[in-house]
1. What distance in nm separates the two pseudo spin-label positions at residue 145 and residue 29, each 7 Å out from Cα along the beta-carbon direction?
2. If each of residue 162 and residue 187 carries a label point 7 Å out from its Cα toward its Cβ, how far apart are those two points in nm?
3. With a 10 Å radius around each residue's Cβ, average the other Cβ atoms per peptide and rank 163-171, 32-40, highest first.
4. 7 Å from Cα along Cα→Cβ at both residue 171 and residue 4: what's the point-to-point distance in nm?
């Protein structure tokens, strides 16, 4: 599944980068916004394309984001270390993270396309907050400064609000179309390799 997600990210990245209207020059912040948009549009895809994708797929995309942030700081954590990091950040975000997953699942079940569109900003902002915290952790480590987990709780709310504003730099409807095509291309590539 990880290889399929990485191929999907590669197929979709070009469209995300072309759609990004932000003026941010910081490469890590641009990377975080790109992965936040990928997660948000991934959440819009119907369950029939990606069964059970809500939690597993979003976590895998966030792990790929975390790995790339770590590489920016010269680190190469294992996939298990990244999953643990994402889990700990999710636990810090607490019930809001779990509630988001529940709402996302309900929206996708009750109102498949429009439910996804209405959750674009919510998923974008949560992933943006996760990415920003991961950046803070690796940046602090690179600078030899301790990053106190208690600090996360105080900044998560502000980060999610900032993420909601940044999500407006993207066009969910256009990205949804690109995501469906990217997933189709990914599935075709994986089927060709299996044959």
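1. 1.6 nm
2. The answer from the label model is 3.8 nm.
3. Packing proxy ranking, top to bottom: 32-40, 163-171.
4. Placing both labels 7 Å along Cα→Cβ, they lie 2.9 nm apart.
Where a number appears in this text, it was derived from the coordinates with a stated rule and is not lab data. On a predicted model such as this, the values are computed, not experimentally measured, just so you know. Glycine gets a Cβ as well: all are built from the backbone with ideal geometry, and neighbour counts include every protein chain shown.
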